[in-house]
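Colleague: Have a look at this one.
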Amino acid sequence: MKAKNWRAAERPYTREDYIHGAPQPRIAKYTMGAYKEDYTHELLLIAEEDLQVRDVALESARVTIGKQLTSKLGGDNFFLELKAHPHHVLRENKMIFGAHADRLQEGMRRAFGKPVGRAARVRKGSPVFRVLTYSNGVEEAKKALRTAAKKLPKRYRVLIRELAASKAA
């Protein structure tokens, strides 16, 4: 299957008690770095369209952001949080191709499909990743988020917010 088959948001399929053999999300961690109260800036990677993102794409983007920020800023100068959670279970009606495949497959008869993966449903304007950092790490965090956006489907923008002075004090 091609990646474009999974991008469009369809009816959610999330009830694990009815889904037999639902795969576990392939995300190792949802947060990275060190959380502190005195960070000065918040950067958000915001989706510009409604979409579904596979869990493997989210993990790839998380690893990319984590490696870039750890190498440039160090492990204690940022906090990375994955905001999109892969609840939606993806199904595929597997078809057999090749010689004599017509005798083994049923076509569209009973074509509901078996669980093959997970995806996060992301709405337009909602964040996918959140990075907290100090003012000297804003440019590096912005670069890391832009690099990660290339590993995800469709378009994203980076929103930079300065956190309140009362929080930083």
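The values are calculated or read from the model by the stated rules, or taken from the named source; none is laboratory data. Keep in mind that this is a model prediction, so the values were computed, not measured. Note: ideal-geometry Cβ built from the backbone for every residue, glycine included; neighbour counts use all protein chains shown.
Colleague: May I ask you to list pairs of residues, at least six apart or on different chains, whose Cβ atoms are under 7 Å apart, with the first in segment 123-139 being exposed (fewer than 13 other Cβ atoms within 10 Å of the Cβ) and the second being among the acidic types (D, E)?
Modeller: R123/D50; K124/E48; K124/E49; K124/D50
Colleague: From the list R130, R91, R110, which residue is at pLDDT below 95 and not in a loop (DSSP other than H, G, I, E, B)?
Modeller: On the way: R130 fails: at pLDDT below 95; R110 fails: not in a loop (DSSP other than H, G, I, E, B).
The match here is R91.
Colleague: Which of the residues belonging to segment 143-166 are in a loop (DSSP other than H, G, I, E, B), surrounded by 14 or more Cβ atoms within 10 Å (Cβ to Cβ) and at negative phi? Break it down into steps so the answer makes sense when it comes.
Modeller: Quick first cut of segment 143-166, residues in a loop (DSSP other than H, G, I, E, B) only: 150-155, 163-164.
Now drop any that are not surrounded by 14 or more Cβ atoms within 10 Å (Cβ to Cβ), which leaves 151-154, 163.
Once the filter is applied, which keeps residues that are in a loop (DSSP other than H, G, I, E, B), surrounded by 14 or more Cβ atoms within 10 Å (Cβ to Cβ) and at negative phi, segment 143-166 yields K151, L152, P153, L163.
Colleague: I'd like to check something: does segment 64-75 contain any residue that is surrounded by fewer than 16 Cβ atoms within 10 Å (Cβ to Cβ) and either part of a strand (DSSP E or B) or touching a residue at least 60 places away in the same chain (Cβ under 8 Å) (or both)? Explain how you work it out, then say what you get.
Modeller: If we filter segment 64-75 for residues that are surrounded by fewer than 16 Cβ atoms within 10 Å (Cβ to Cβ), which is where we start, we get 67, 71-72, 74-75.
Checking the rest, the ones that are also either part of a strand (DSSP E or B) or touching a residue at least 60 places away in the same chain (Cβ under 8 Å) (or both) come to 72.
Yes, some residue in segment 64-75 is surrounded by fewer than 16 Cβ atoms within 10 Å (Cβ to Cβ) and either part of a strand (DSSP E or B) or touching a residue at least 60 places away in the same chain (Cβ under 8 Å) (or both).
Colleague: Of the numbered conditions (1) under 24 Å from R11 (Cβ atoms); (2) at pLDDT 95 or above; (3) part of a strand (DSSP E or B), V116 satisfies every one except a single condition; which is it?
Modeller: (2)
Residues checked against (1) modelled with pLDDT under 95; (2) hydroxyl-bearing (S, T, Y); (3) more than 16 Å from F79 (Cβ to Cβ); (4) more than 18 Å from the chain's Cα centre (by Cα):
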{"residue": "W6", "(1), (2), (3), (4)": "yes, no, yes, no"}
{"residue": "P12", "(1), (2), (3), (4)": "yes, no, yes, no"}
{"residue": "E16", "(1), (2), (3), (4)": "yes, no, yes, yes"}
{"residue": "I19", "(1), (2), (3), (4)": "yes, no, yes, yes"}
{"residue": "A34", "(1), (2), (3), (4)": "no, no, no, yes"}
{"residue": "T40", "(1), (2), (3), (4)": "no, yes, no, yes"}
{"residue": "Q52", "(1), (2), (3), (4)": "yes, no, yes, no"}
{"residue": "E59", "(1), (2), (3), (4)": "no, no, yes, no"}
{"residue": "K67", "(1), (2), (3), (4)": "no, no, no, no"}
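Colleague: Return the residues of segment 70-87 that are over 22 Å from the mean Cα position of the chain (by Cα) and closer than 14 Å to V128 by Cβ; say none if nothing qualifies.
Modeller: Within segment 70-87, none qualify.
Colleague: Next question. Starting from segment 17-31, take each residue that is of a type in the set (S, T, Y) and list its partners that are surrounded by 14 or more Cβ atoms within 10 Å (Cβ to Cβ), counting only C-beta distances under 6 angstrom and pairs at least six apart or across chains.
Modeller: Y30/L82; T31/E81
Colleague: Please enumerate the residues belonging to segment 16-63 that are surrounded by fewer than 19 Cβ atoms within 10 Å (Cβ to Cβ) and among the polar types (S, T, N, Q).
Modeller: Of everything in segment 16-63, those that are surrounded by fewer than 19 Cβ atoms within 10 Å (Cβ to Cβ) and among the polar types (S, T, N, Q) turn out to be Q24, T31, T40, S60.
Colleague: Please identify the pairs in which a residue from segment 84-96 that is closer than 14 Å to Q24 by Cβ has its Cβ atom under 8 Å from the Cβ atom of a residue that is among the acidic types (D, E) and outside any loop (DSSP other than H, G, I, E, B), counting only partners at least 6 apart or on another chain.
Modeller: So the pair list comes out as P86/D55.
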